[in-house]
Amino acid sequence: MNVHGRHYEKAAFARVLREAREGTGAALVLWGDPGIGKTALLEHAAATATGFTTLACRGTRTAAPLAFAALHTLLRPVADRIDALPAPQAAALRAALGRGGECPDRFLIGVATLTLLSELATEQPLLITVDDAQWLDEPTAACLAFVARRVPGEPIALFLAVGHEAPAPGGPGDGGTVLEIGGLDDTAAEAVVRDAAPDADGETVRRALRAAHGNPLALSEPPDVDAGPRGVGSRLRRAAVARVERLAAPTRTLLLVAAAEDRGDRHAVRAAAATLGVTEHAWQDALRSGLLHAEGDRVGFRAPLVRTVVYDHAPPAECRRVHRALADAVTGEDRAALGAWHRAAAAEGPDDAVAAQLEDCARQARRRGGHASAVRALCRAAELSAAPHDKGRRLALAARSAWEAGPAHTARDLLDQAERCATEEVVAGISGGLRGLIAHAHGDQESANRLLLRDLRAVADRGRAVELACVAVRAGWSAGSTDRQAEALRVLERLATDGDLPEAALLPALKQWWDTERETSAAASLTGEAVARLGAASWPLLPPAPLAVAWGEEAALADAHRARLGELRATDVTGALVRTAPHTAPLAIVRGHWARATADATEALRVAEETGADHAAAQCRLSLAWLAALRGDASAAAVLADRAVERAVPRGARDLTAAAYWIRGQAALFAGRDAEALQWLHRLTEPGHDAAHPTLALLAAPDTAEAALRTGARADARAALRTLRAWADRTGADWARAAADRTAALLTADRGDAEALFRRALDASEAARRPFDHARTRLLYGTWLCRARRRTDARAQLADAAETFRRLGAAPLLERTLAAQERAGERIHRPDPAPPGEPALTPRERHVARLAAEGLTDREIAAQLLLSPRTVHRHVADVLAKSGVAARAELARVDLDEGPGPKPR
């Protein structure tokens, strides 16, 4: 097709294609009025993409309910390459395309598509064109949005055309450049008129230009009265309606069959039309009209607007008659689903048989990972259900699919609709206790606890009920409610024991872990072995990181998460990072692996934001905020902590709010703003405050005591000491003993037992495994020795503290230590900043390098980080260059867990 004018648009296409050839592709999204020429521009782009492999697909109303229908069309020419993908990705993509397999992770499907396209583009640049993207099925649209956000690092150009409205964020071209297609200039417009009517006189051309306002489709229509620039669409519709109405009835029926079929399958259209009495004469009449065209096995309309007009202006009864004919005429792999949807379109009222067919379509879509398509099928099935119970059941199933597809608000709305048709108990049983799970992830935590404990009674599967009880325990803890936490523990104990489940053997360890109010002896403290058993049994049984830190079992919990990570990598690509890093990052901070924690939290935050895992994103922000506070970047700490609080407070997630307040308190304490620090930290124990949380208050007690003593609030310091002593006596946690001794030494600084307390804190068997806290003790002890005029002893303690703070990158306390060394009479050389030419690894490079050092391939790393193999390969090359090693195998010798690393932004 000859595209007149459009110099700006053609230049934009040429630029994107040129950049794709150079390895930096882009997405370009076209939108504009009907008939404005979007399809012609896509065809022009494909025709001019010399040296490109081209893949194309089109959204259609008929196929919009079918999971991955458009993706199947797009990848059909390269389907033979799917088996060469890494096994988990190949399995996911095969399942998505209906070639076997069970319910793949929806993001693994996106990763598999990206890998396939990226590797195809390494052979020669790739152009992907998508027409009528507004009609893409939801799973394909989500998959293309995933790809679109990553083409800037690939030799891939992605061009999409949507409808007459500007594309919304999150659509299939998400992140791409949006280009509104306007009318042609007069010169190009006249050329279009001359093409359509070579013999037109000057007056006819002028009338056409005046009426069409640069719309190519309007320019090729007989001129009408001037409708104004905003009335061109209406004029085009009127013209199309008039042309259709002039046709004979059988020809109009044929056009309606083609419009209702919409995919362009000439065999299906011909078969359905024949059952409705359409003859060959009607076919010839339709083709002569210019409204319909046929080529080979394909049939289509002159413009999408014509299809819309034909269908929208047909009598409803005639539309239903056509859909009934098409239900038995459709062909292809999706014929059962297409037939069900055509029967649904033909239904005049409740139809349980068709509803059952749509429910089966939903099951098939779920097996392919197309949860959004399952929602659509189940909702329509509910509309066609005669009995309220069936309607409620299908809406509850739709809510579950909506939850797995991502949008929590949709799932919640569907639960509300389901409960208007069936009882809460029935809906809870069918949805698997979904309302409580949604509340835990996105709502109030005390409400989540109550809902989970209420609804688990309706869940038939005892193992599922145990899982809900575990989540209820976590919700109670997150809310800072020991009562609700204890109630959930009692329910969990009863379920596990009565059901004779494997979890029953773990109950003693589980109760000890969570029941922080129960008196225990040091001999009965929770062991690393018990943590490993909890992790191996069930994911929800693993407690949160702050509780592990409180018990002094951060190493054991980190090992349990590492074991779970290995299992998840094979089946759940997003879970491998999003379900582990938010927990392992704070554990790594406590253990002194700050560079590792920065890399893990940074990457997990990126993936969590993309996948909608809001809770995990808040946890990652808090880890990065904590690191910023420890490194002295109070501004970054405040921004990150405040963002976490914005999400945590409305949800009653006091654990997150308390962590943010603790971080703000530490940032102020390290900066010497002691009164401000105490204000933040006081809130952790203030009854009824959003930040009041017993576990976080315990962990913050050493900071509270130090801030209190610096401001003269000795009563607050003594209260913090009592908290630490009680926990140490109850659990035997070594860190609590050391922290209590250090706090007691500060309180008794003017008495002779202070040194013994400092020494005992330093000599605690596990104290050195938390290097930052251990160095703080040395700093405080060294400062005390200096005041006692024992400068030689003081210098030894301060030197060790300075070395640790320097290695970690703890700038505020390093500066304080250096100042103390100078007061102790030591001449301190403050090193100059690192010389240029030795760039530090970025957090992503550290993460990629560590995975590569573990033996993962570029493809495996790409799957976990939701990147393309090409991007991962580039990062590995950068890491090798920066680390000064020649080969990938040598990365195992590079220390990727130490050093300050870059500060979080």
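Taking the Cα centre of the chain as the origin, how large is its charge dipole in debye, to the nearest 20, when only Lys and Arg (+1) and Asp and Glu (-1) carry charge on their Cβ atoms?
Around 1400 debye, computed over the chain.
Calculate how steeply helix 316-327 sits against the longest principal axis of the alpha-carbon atoms of the chain, using the helix alpha-carbon long axis, and give the answer as 0 to 90 degrees to the nearest 10.
Compared with the principal axis, the helix lies near 80 degrees.
Just want to confirm a number: the relative contact order over segment 843-893, from Cα pairs under 8 angstrom separated by 6+ residues, in percent.
41
Taking 0.36 nm per residue of sequence separation and subtracting the Cα-Cα distance, how much length would be gained by fully extending the chain between residue 122 and residue 203, in nm to one decimal? Write out the running numbers ahead of the final one.
Working: separation 81, 0.36 × 81 = 29.16 nm, distance 5.40 nm.
Using 0.36 nm per residue and subtracting the Cα-Cα distance, I get 23.8 nm.
Please list, ordered by chain and number, the residues whose modelled amide H lies under 5 Å from the amide H of residue 185; skip anything fewer than 5 residues away on the same chain.
Distant-sequence amide H within range of residue 185: 6.
Determine, from the Cβ-Cβ distance of residue 457 and residue 191 and an R0 of 56 Å, the FRET efficiency 1/(1 + (r/R0)^6), rounded to the nearest 0.05.
Plugging the Cβ-Cβ distance into 1/(1 + (r/R0)^6) gives 0.15.
FRET efficiency for residue 494 and residue 765, Cβ-Cβ distance as r, R0 = 35 Å, nearest 0.05?
E(calc), rounded to 0.05, equals 0.40.
Could you order the peptides 672-685, 311-324, 591-604 from most to least packed, using the average number of other C-beta atoms within 10 Å per residue?
591-604, 672-685, 311-324
Can you give the Kirkwood hydrodynamic radius of segment 638-688 from its Cα pairs, in Å with one decimal?
11.0
If you find the alpha carbon centre of segment 15-45 and of segment 55-90, how far apart are they in angstrom?
21
For helix 408-419, report the angle its Cα long axis makes with the longest principal axis of the Cα atoms of the chain; keep it between 0 and 90° and round to the nearest 10°.
The answer is roughly 70 degrees.
Pairing the Cα long axis of helix 249-261 with the longest principal axis of the chain, what angle in degrees results, from 0 to 90 and rounded to the nearest 10?
20
Quick one: what does P(r) look like for segment 249-424 with 5 Å bins over all Cα pairs, in whole %?
Histogram of Cα-Cα distances, whole percents per bin: 1, 9, 16, 17, 16, 13, 11, 9, 5, 3, 1, 0.
Mind ordering 383-390, 146-153 by average Cβ neighbours within 10 Å, highest first? Before the final figure, lay out each step's value.
Numbers: 383-390: 16.6, 146-153: 21.4.
Ranked by mean Cβ neighbours within 10 Å, highest first: 146-153, 383-390.
Defining a contact as two alpha carbons under 8 Å apart and six or more residues distant in sequence, what relative contact order in percent does segment 733-825 show? Please list the in-between numbers first.
Numbers: 105 pairs, mean separation 20.3, N = 93.
It rounds to 22 percent for segment 733-825.
Give me the distance in nm between label points sitting 7 Å out from Cα along the Cα-to-Cβ direction at residue 80 and residue 389, one decimal.
5.4
How big is segment 733-825 in terms of Cα radius of gyration and Dmax, in angstroms?
Rg then Dmax for segment 733-825, in Å: 12.3, 37.
Figure the gain on full extension for residue 748 and residue 353 (residue separation times 0.36 nm, minus the Cα-Cα span) and round it to one decimal in nm.
134.1 nm
Quick one: Cα centre-to-centre distance for segment 454-501 and segment 631-687, in angstrom?
31
If you put +1 on each Lys and Arg Cβ and -1 on each Asp and Glu Cβ, how big is the dipole of segment 843-893 around its Cα centre, in Debye rounded to 20?
Dipole size: approximately 100 debye.
Give the aspartates and glutamates reachable from residue 882 as a straight Cα distance under 16 Å; neighbours fewer than 8 places away on the same chain don't count.
838, 845, 890, 895, 897, 898
Picking from 217, 429, 440, whose Cα lies most toward the positive end of the charge dipole for the chain (charges on Cβ: Lys, Arg +1; Asp, Glu -1)?
440
Kindly identify segment 7-180 as rounded, prolate or oblate by the Cα gyration tensor criterion: order the square roots of the eigenvalues as a ≥ b ≥ c, call it rounded if a/c is under 1.5, otherwise compare a/b with b/c, prolate if a/b is larger, else oblate. Provide the component values of the computation, followed by the final result.
Working: a/c = 1.94, a/b = 1.31, b/c = 1.48.
Cα axes put segment 7-180 in the oblate bin.
Over the chain, what is the relative contact order in whole percent, taking alpha-carbon pairs under 8 Å and six or more residues apart?
9
Using 0.36 nm per residue, how much length does the chain from residue 234 to residue 719 gain when fully extended, once their Cα-Cα distance is taken away?
Working: separation 485, 0.36 × 485 = 174.60 nm, distance 7.64 nm.
In short, 167.0 nm is gained.
Go ahead and estimate [θ] at 222 nm for the chain from helices alone: -39,500 (n - 2.57) per DSSP H run with n ≥ 4, summed, over the residue count, rounded to 500. It would help to have the intermediate numbers written out before the result.
Values: 46 runs with 577 residues, N = 905.
Result for the chain: -20000 deg cm²/dmol, rounded to the nearest 500.
Starting at the first residue of segment 344-353, write each ³J(HN,Hα) from the Karplus equation 6.51 cos²θ - 1.76 cosθ + 1.60 with θ = phi - 60°, in whole Hz, x for Gly and Pro.
Working through the residues one at a time gives 5, 5, 8, 5, 9, x, x, 8, 5, 5 Hz.
Counting other Cβ atoms within 10 Å of each Cβ, which trypsin sites (Lys or Arg not before Pro) in segment 401-436 have at most 13 and sit in a DSSP loop?
Numbers: sites: 412, 420, 435; in loops: 420.
Passing both the DSSP loop test and the Cβ count: 420.
Could you tell me which residue out of 130, 678, 659 lies farthest along the dipole of the chain toward its positive end? Charges go on the beta carbon: Lys and Arg +1, Asp and Glu -1, centred on the Cα centre.
So the residue we want is 678.
Whole percent per 20 Å bin, from 0 to the bin with the longest distance: what is P(r) over all C-alpha pairs of the chain?
Over the chain, the share of Cα pairs per 20 Å bin runs 13, 37, 30, 15, 4, 0 percent.
Given H placed on each backbone N at 1.01 Å, which residues far from residue 178 in sequence or on other chains put an amide H within less than 5 Å of it?
Hits under the 5 Å cutoff: 29.
A short reminder: the numbers here are calculations on the coordinates, not readings from a lab. Predicted model, so just to flag it, every value in this text is computed and none were measured. Here Cβ is always computed from backbone atoms with ideal geometry, including for glycine, and neighbour counts include all displayed protein chains.
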